[in-house]
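Asker: There's a structure below that I have some questions on.
The values are calculated or read from the model by the stated rules, or taken from the named source; none is laboratory data. Here the structure is a predicted model, which is why all the values come from computation and not from measurement. Glycine gets a Cβ as well: all are built from the backbone with ideal geometry, and neighbour counts include every protein chain shown.
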Amino acid sequence: MTIFHFIISFVLAYLFGSIPSGYWIGKIFYNKDILKLGSGNIGTTNTFRTLGVFPGVMVLIIDLCKGILGASMANIWGNAPHWSYMVVGLGAILGHTFSMWIGFKGGKAVATSVGVLLLYSPSMFTAAVIAFLSSILLTSMVSIGSMLGFTVVTLLSAFWLHDWLLAIIALVLTIFVFYRHRGNISRILKGTESKVPFGFGYWLSKK
């Protein structure tokens, strides 16, 4: 892959990632501006909370597919080196987080990053999903699950797979995800973070 080919693939990945699915679904089907509702985030969690389960599931699927499709842009020129899926996939992650369609606002990079990870490393994708779901079942907080999932991928890619490309990118994304969740972290420390209606943490809060 030449630098020219890489730039084209990266730009295409950004364009796919930039599709603001939560925002468009809210506007077109519900006449609501999700940027002005809840946390103001266009991702899955805020869509669930402000628009409902079905649109939330649709946004989750679309955002995962944005990551998968964005990373696959590395292969449009023929067989690409494996590392290029992750690096080109960063374009989709940037697009989701800084969408050109809504003034370079966006989501917290979770679902789209997981989509890229699925294409690059199915084993790390599985580890991230297990960490995410286990955390939600224990704490009933999506924010903790998101942050823990990225942390697990960073640690396992470095100390188990010894995949330093993934480890470095995962570390940068982990820091970014923690930064984007700084409001959630504050609410967690105060005990006011929203909980999903299932799991051990939700059960304790209702006792």
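Asker: In the list 9, 18, which residue meets the criterion of being surrounded by 21 or more Cβ atoms within 10 Å (Cβ to Cβ) and more than 25 Å from residue 181 (Cβ to Cβ)? Outline the logic, then answer.
Answerer: Numbers: 18 fails: more than 25 Å from residue 181 (Cβ to Cβ).
Criteria check complete, one pass: 9.
Conditions (1) crowded, with 20+ Cβ neighbours inside 10 Å; (2) without any contact (Cβ under 8 Å) to a residue 12 or more places away in the chain; (3) within 23 Å of residue 5 (Cβ to Cβ), marked per residue:
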site	(1), (2), (3)
58	no, no, no
66	yes, no, yes
78	no, yes, yes
82	no, no, yes
87	yes, no, yes
92	yes, no, yes
95	yes, no, yes
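Asker: Taking the conditions exactly as written (at pLDDT 95 or above and within 17 Å of residue 146 (Cβ to Cβ)), does residue 64 satisfy them or not? Write out each step before concluding.
Answerer: Values: at pLDDT 95 or above: yes; within 17 Å of residue 146 (Cβ to Cβ): yes.
So residue 64 fits the description; yes.
Asker: Between a first residue in the range 38-52 that is not β-branched (Val, Ile, Thr) and a second residue that is not in a loop (DSSP other than H, G, I, E, B), which pairs have beta carbons less than 6 Å apart while being 6 or more apart in sequence or on different chains?
Answerer: Here the result reads 38/46; 38/49; 38/50; 39/46; 48/56; 51/26; 51/30, each pair linking the range 38-52 to a residue that is not in a loop (DSSP other than H, G, I, E, B).
Asker: Now for a different question. I need a count of the residues in the range 134-174 that are of a type outside the set (S, T, N, Q), more than 19 Å from residue 83 (Cβ to Cβ) and within 14 Å of the chain's Cα centre (by Cα).
Answerer: Number of matching residues: 7.
Asker: OK, next. Only residues in the range 99-112 that are under 21 Å from residue 183 (Cα atoms) count as the first member; pair them with residues that are of a type in the set (Asp, Glu), Cβ under 6 angstrom, at least 6 apart or cross-chain, and list the lot.
Answerer: Qualifying pairs under 6 Å: 111/63; 112/63.
Asker: Considering only residues that are outside any helix (DSSP H, G or I) and not aromatic (Phe, Trp, Tyr), look in the range 102-121 and name the one that is surrounded by the most Cβ atoms within 10 Å (Cβ to Cβ).
Answerer: First, the residues of the range 102-121 that are outside any helix (DSSP H, G or I): 103-109, 121.
Restricting the remaining residues to those that are not aromatic (Phe, Trp, Tyr) gives 103, 105-109, 121.
On the way: 103: 9, 105: 15, 106: 27, 107: 29, 108: 25, 109: 25, 121: 22.
Checking each candidate, the answer is 107.
Asker: Let me ask something else about it. Answer yes if at least one residue in the range 62-72 is over 19 Å from residue 23 (Cβ atoms), more than 14 Å from the chain's Cα centre (by Cα) and not assigned by TED's automatic domain parsing to the domain that holds residue 196, and no otherwise.
Answerer: yes
Asker: Between a first residue in the range 175-198 that is modelled with pLDDT of 90 or more and a second residue that is part of a loop (DSSP other than H, G, I, E, B) and among the acidic types (Asp, Glu), which pairs have beta carbons less than 8 Å apart while being 6 or more apart in sequence or on different chains?
Answerer: Once the first residue is modelled with pLDDT of 90 or more and sits in the range 175-198, its partners that are part of a loop (DSSP other than H, G, I, E, B) and among the acidic types (Asp, Glu) give 184/193; 187/193.
Asker: Just give me the residues in the range 153-173 being without any contact (Cβ under 8 Å) to a residue 60 or more places away in the chain and either of a type outside the set (A, V, I, L, M, F, W, C) or buried (at least 17 other Cβ atoms within 10 Å of the Cβ) (or both), in sequence order.
Answerer: Once the filter is applied, which keeps residues that are without any contact (Cβ under 8 Å) to a residue 60 or more places away in the chain and either of a type outside the set (A, V, I, L, M, F, W, C) or buried (at least 17 other Cβ atoms within 10 Å of the Cβ) (or both), the range 153-173 yields 153, 154, 156, 157, 162, 163, 167, 170, 171.
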